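Quick note: the coordinates plus some simple rules give every number you see, no bench work behind them. Keep in mind it's a predicted model, so treat the numbers as computed, not measured. Methodologically, a virtual Cβ is constructed for each residue, glycine included, from the backbone with ideal geometry; neighbour enumeration extends over all protein chains shown.
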Amino acid sequence: MDERPDERLVDEARKGGREAFAELVRRHERRVYGVALRMAGNVADADDLAQEVFLTAWKSMASFRSGSSFYTWLYRITVNTSLTCLKKRRREKNRAPFDENLPVGEPGPAEDPERSSSLTELTGRIGQALAGLPDHFRATFALVVDQGLSHADAAAVLGCSENTVSWRMHKARRLLQARLKPYLEENRT
Amino acid sequence: MRCRTARRRLSDELDGALAPGPKVRLEVHLQACPACRAYRERIGLIQDRAKFSDERSPGSWAAFERALEAKLDAQGNKGPSLEGWRAWSRGWAWAAAAALVLVAMTAWYVLQRSGGPVPLETWNAYDDVLTPLVQAADADLELAARADREVGAMIDELAPAPDTDAVVLPAADPLFWEGLSDDDLRGIVADLEEQTGRGGPA
């Protein structure tokens, strides 16, 4: 296992070191893919997005400032690439906006009621509700909840204040719980 | 503490971003408010169940890396380009120029107050620096957007965000309006009409 720190690998990659860049990819692909999956909502698009992120990172290595965190920079590229792709996709599909009053998802024909517990169903509903959040809220949610970033780190990635991150998280949760309330009541402990 | 504030704090608490002082006040509120306790339970459940199961087999990661390698090869094995770096540098040059304008405006204001005239050559000096940058930004929308962000970051630095414990006006976040439903908006309109005694356009 390669034990060189990120900083050294970044230095080598900036000089054109493909092997060092490949190691950086191996180290960070799960994080990038995780955010891309939350943003894209499906595995195929997430895969394409993650590839695009690393290609952009490779092309932009020279602009990476030494001393700053590589993963923060990579997350920023991931969020920006995702937002750009989603905008493009929305222009093509003209997607409906988030509506608190809509029921979450239609009954899925593939689900076997015998096998799926109510908690599993709730997880699916939460995924659908999250997919319907405004993009910036979803990106913030992905960084804070999925990736475990602090508000300060998420703010650095998103280029906004900690206060904005805090507000987006609050707003996202308020929207989610309003939309999922009946299912959440069912699963109260 | 009002329920609205308590719920904002509950969200911060879930993210581990709540300071000890507000946390104590939140707990006091929760002891007396069953609705907020239920809200905490609901958002806690969402938090627990929201985690992705993004587990992929080692084989699929290897395939991902191979596909990426192939794309990098297809780019002709070129090293990292300096284009991004140049754009970033131009962005900073633009931000520096904006700072110069601020300094010039401050100097002008001070001189005006003291009654002294502003020599024309002072403005000409800034004009020489700014003109090529303004032209570059006119020709390159990406550069202009980058410059806007840099200037925005400088303003953020000069005027830091308020204390997290302070009252936050939700409407100050541009995305606040984006996430509101029609019912929310109708409620806000009704509140405003009630407070001001004036109706909106018919």
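The packing ranking of peptides B:22-32, A:75-85, highest mean first, is A:75-85, B:22-32, where packing means the average number of other beta carbon atoms within 10 angstrom of each residue. With 28 Å as the limit, the listed pairs A:LYS87/A:LYS171; A:LYS15/A:LYS87; A:LYS59/A:LYS87; A:LYS15/B:LYS51; A:LYS181/B:LYS51 have A:LYS15/A:LYS87; A:LYS15/B:LYS51 beyond it between alpha carbons. Globularity index of the stretch A:1-57 is 1.22 (Cα radius of gyration / 2.2 N^0.38 Å, N = number of residues). Along the stretch A:125-133 the Karplus relation, 6.51 cos²θ - 1.76 cosθ + 1.60 evaluated at θ = phi - 60°, assigns HN-Hα couplings of 5, 5, x, 5, 5, 5, 5, x, 5 Hz to successive residues, with x for each Gly and Pro.
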